[in-house]
Protein chains: 2
Amino acid sequence: MSKAVFYHAGCPVCVDAEQVVLDYLDNSKITTEIVHLGTERNRIKEAEEAGIKSVPALVIGGNVYHINFGASLDEVKG
Amino acid sequence: MSKAVFYHAGCPVCVDAEQVVLDYLDNSKITTEIVHLGTERNRIKEAEEAGIKSVPALVIGGNVYHINFGASLDEVKG
């Protein structure tokens with residue numbers, strides 16, 4: 001079973017992308033954790049180290065997939 | 001059954017994103033068509049009209065999800 005982590009910050013672009021992730025990723029092949037960096041601020045460092053430049057982003061097996069552009073990670077860090 | 005169209009241009013970023021789409025989208029919920037705009041150039045207009053600015057991009061139900069950045073649509077048009 002693969003693991004995906006979807007990082008977002010509650011922005012409209014994020015919510016829209018989250019819906020696709022929740023609706024269409026195959027739960028029999030991959031488990032997805034949803035991380036809201038606006039509230040789970042202790043996960044920001046981990047997101048940065050994974051190579052995330054903006055949210056929303058999906059991390060699967062060490063690869064980062066930025067999905068459209070909601071906000072830069074710098075903006076999320078504030 | 002929803003329908004997704006994944007547009008790409010054969011670039012390394014595209015191939016990487018395509019693998020995720022093929023491996024992890026739930027085939028019981030969504031059918032995915034793969035379109036290579038480098039070879040299927042008659043589909044470029046449709047991609048543009050869908051709102052695609054760069055590839056790779058996934059279109060689901062009228063929404064465009066640009067996944068990372070491989071090449072601009074202008075570059076694909078050449």
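The values are calculated or read from the model by the stated rules, or taken from the named source; none is laboratory data. These numbers come from a predicted model, not from an experiment. Note that we place each Cβ from the backbone using ideal geometry, even for glycine, and neighbour counts take in every protein chain shown.
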Among residues of segment B:24-78, those that are free of Cβ contacts under 8 Å to residues at least 12 places away in the same chain and in contact with a strand residue (DSSP E or B) (Cβ under 7 Å, 6 or more places away or on another chain), counted: 3
A:Val55, sole failed condition from (1) over 9 Å from the mean Cα position of the chain (by Cα); (2) modelled with pLDDT of 95 or more: (1)
Qualifying residue in segment A:31-41 (condition: surrounded by 14 or more Cβ atoms within 10 Å (Cβ to Cβ) and within 11 Å of chain B (Cβ to nearest Cβ)): yes
Of all residues making up segment A:11-25, the number that are surrounded by fewer than 16 Cβ atoms within 10 Å (Cβ to Cβ) and out of contact with any Pro (no Cβ under 9 Å at 6 or more places or on another chain): 4
Members of segment A:64-78 that are away from chain B (no Cβ under 14 Å) and buried (at least 16 other Cβ atoms within 10 Å of the Cβ): A:Ala71, A:Leu73, A:Val76
In segment B:49-63, residue farthest from the other protein chains (Cβ to nearest Cβ) [restricted to those that are surrounded by 16 or more Cβ atoms within 10 Å (Cβ to Cβ) and in contact with a helix residue (DSSP H, G or I) (Cβ under 7 Å, 6 or more places away or on another chain)]: B:Val55
Residue ID - nearest to the other protein chains (Cβ to nearest Cβ), chosen from residues in segment A:1-30 that are among the hydroxyl-bearing types (Ser, Thr, Tyr) and outside any loop (DSSP other than H, G, I, E, B): A:Tyr24
